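The values are calculated or read from the model by the stated rules, or taken from the named source; none is laboratory data. Worth saying up front: this structure is predicted, and the values here are computed from it rather than measured. Note that each Cβ is placed from the backbone with ideal geometry, even for glycine, and that neighbours are counted across all protein chains shown. Accessible surface areas use protein heavy atoms only, side chains included; no ligands, DNA or RNA. Shrake-Rupley method; radii C 1.70, N 1.55, O 1.52, S 1.80 Å.
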Amino acid sequence: MKINLTDLTTKIEQKDYIEDLETVKYADISKSKAKVHELAAKLVKETAAALKHNSLSHIAVEVTGQRPLTFALESNIINLPYANYKKIANFFEEQKEYPVNVYFETQSEYLNASGFRIDQIATEAEIKQKEDTVIAELTAAMQEKIKQVREYQKPAPAAKKKTATKKRATTKTSSNKTKTAAKTKSTN
């Protein structure tokens, strides 16, 4: 499937693409490779069906729980999510046609500092010719992202570090005054 920039942005603006969202519990997938594989297969098969019908797609799985996250496969000409479609014009010519690829998106406040990651997972040809391989790669990528979310430690805010430094400086100053006062008394 190829699409030009004008058609792409029009379809995204009008939500003229196949969209599906499934919700699962974190506990159901966190330690089950079979369940993750099943979800990956669903994402890939629905994306492949959309491409077969020359349609764009946004197929997602929302994982609920203590550390929620969302996985999605989006068909696009660039690794930008549909939410940022207006920026696509910065990279492409208006009427030239471009091949559509499939991008794997992960969104979670426990993923990284930006809370978002997008990677190309396959070309249209790879999905058609090597669907099982794409499913296996997506399964591994999803498991890796689940592990990242589970192990993520939010960085401490920078403001707290400055406050701690100021307190130490104040303490040192107070200690110096006390030492100076003690020296003065012993000299007298």
**Prompt:** Ranked from highest to lowest mean number of other Cβ atoms within 10 Å per residue, what is the order of the peptides 26-37, 95-106?
**Reply:** 95-106, 26-37
**Fill in**
XL table Lys2/Lys52; Lys25/Lys145; Lys2/Lys145; Lys45/Lys145; Lys86/Lys145; Lys35/Lys128; Cα-Cα > 19 Å flagged, in table order, is Lys2/Lys145; Lys45/Lys145; Lys86/Lys145; Lys35/Lys128
**Item:** Tensor-based shape of region 108-152 (alpha-carbon gyration tensor, a/c under 1.5 rounded, otherwise prolate or oblate)
**Value:** oblate
**Request:** Please give the per residue accessible area of region 1-70, computed with a probe of 1.4 Å over protein heavy atoms only, in Å².
**Result:** 54
**Rounded percent of accessible protein surface that carbon and sulfur make up, region 23-150, 1.4 Å probe** = 47
